[in-house]
Amino acid sequence: MNDDLQELGERFSQIADQYDDIHTSDEKPIYNACATRVIEGANPIPDDVVLDLGTGTGLIALALAEDAGVVLGRDISDGMLATAAAKAADNGFENVEFGYGEFHDPNIDEDIDIVVSNFALHHLPDEQKREAIATIGALTPQRFVLGDAMFFGSPTPDEPLFDHGVDAATVGTLVDVLTDEGFVITAVERVHDQVGVLIAEHRGDTPSGTRNAPFDK
């Protein structure tokens, strides 16, 4: 783990015991709406193996575990992972496994059917986002659902929704990268001008550079 990731992981570990109270409260309607749409977009069936990257305290992973066969939650924060594992145990989930993993190295051996990520990719600069999506594409999941900060309009809005720790890309940039890595965009959902959900299906025969949706950068 590089120093930046270690620092980020430690920062989240310090707030792990408060994270759910802060982020799933009624005061966070945009976060809640994004999480709900990621869960709905994943739509696993009982045979599916789901990978949740940046799982945090397991909000998405545990919701998907009700329908999926297996859910693998990966994060860089020991504190967040411990909280997620405790919640899984408290709620009797036996089909969820939490462990250390990065976007560039998710630390898995299983074949993956669905990859989800909610409010995590924005911690990476654009070039590392591209590398992360390439890693996800190499897993050849049937579906990738990304909920995160992203710009539907100007990348320099007059009223930024987030004031720190967020390096959001434009929707067009994300769509282009996903397309280049063999994904076909099937849905783009705007939660806010600066938050959205992208749903993509993987196509092993999709040529690099093929455009599947007309988005402006």
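The values are calculated or read from the model by the stated rules, or taken from the named source; none is laboratory data. Keep in mind it's a predicted model, so treat the numbers as computed, not measured. When we count neighbours, we look across all protein chains shown, and the Cβ atoms used for this are built from the backbone with ideal geometry, even at glycine.
Go through 98, 103 for me and flag whichever is in a loop (DSSP other than H, G, I, E, B), crowded, with 16+ Cβ neighbours inside 10 Å and of a type in the set (A, V, I, L, M, F, W, C).
103
Does any residue of the range 69-76 turn out to be on the phi < 0 side of the Ramachandran plot and at pLDDT below 95?
Taking the range 69-76 first, the residues on the phi < 0 side of the Ramachandran plot are 69-76.
Narrowing further to those that are at pLDDT below 95: 76.
Within the range 69-76, one or more residues are on the phi < 0 side of the Ramachandran plot and at pLDDT below 95.
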Filter the range 7-46 down to residues that are exposed (fewer than 13 other Cβ atoms within 10 Å of the Cβ) and of a type in the set (S, T, N, Q) and give me whichever is modelled with the lowest pLDDT. 25
Given (1) modelled with pLDDT of 95 or more; (2) more than 20 Å from residue 135 (Cα to Cα); (3) buried (at least 20 other Cβ atoms within 10 Å of the Cβ), where does residue 57 come up short, assuming only one miss? (1)
Mind listing whichever residues of the range 73-95 are surrounded by 16 or more Cβ atoms within 10 Å (Cβ to Cβ), hydrophobic (A, V, I, L, M, F, W, C) and touching a residue at least 40 places away in the same chain (Cβ under 8 Å)? 76, 80
Selection count, the range 128-171, where residues are on the phi > 0 side of the Ramachandran plot and surrounded by fewer than 13 Cβ atoms within 10 Å (Cβ to Cβ): 1
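Answer yes or no as to whether residue 108 is farther than 24 Å from residue 162 by Cβ, of a type outside the set (Ser, Thr, Tyr) and touching a residue at least 60 places away in the same chain (Cβ under 8 Å). Let's see the steps before the verdict.
Working: farther than 24 Å from residue 162 by Cβ: yes; of a type outside the set (Ser, Thr, Tyr): yes; touching a residue at least 60 places away in the same chain (Cβ under 8 Å): no.
In short, no.
Could you list, in sequence order, the residues of the range 111-127 that are surrounded by fewer than 15 Cβ atoms within 10 Å (Cβ to Cβ) and at pLDDT below 95?
If we filter the range 111-127 for residues that are surrounded by fewer than 15 Cβ atoms within 10 Å (Cβ to Cβ), which is where we start, we get 111, 125-127.
Across the range 111-127, the qualifying residues are 125, 126, 127.
Listed here are the residues, each with its yes/no results for (1) touching a residue at least 40 places away in the same chain (Cβ under 8 Å); (2) touching a Lys or Arg at 6+ places or on another chain (Cβ under 6 Å); (3) among the charged types (D, E, K, R); (4) in a loop (DSSP other than H, G, I, E, B).
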| position | (1), (2), (3), (4) |
| --- | --- |
| 136 | yes, no, no, no |
| 140 | yes, no, no, yes |
| 148 | yes, no, yes, no |
| 155 | no, no, no, yes |
| 172 | yes, yes, no, no |
| 175 | yes, no, no, no |
| 184 | no, yes, no, no |
| 190 | no, no, yes, no |
| 197 | yes, yes, no, no |
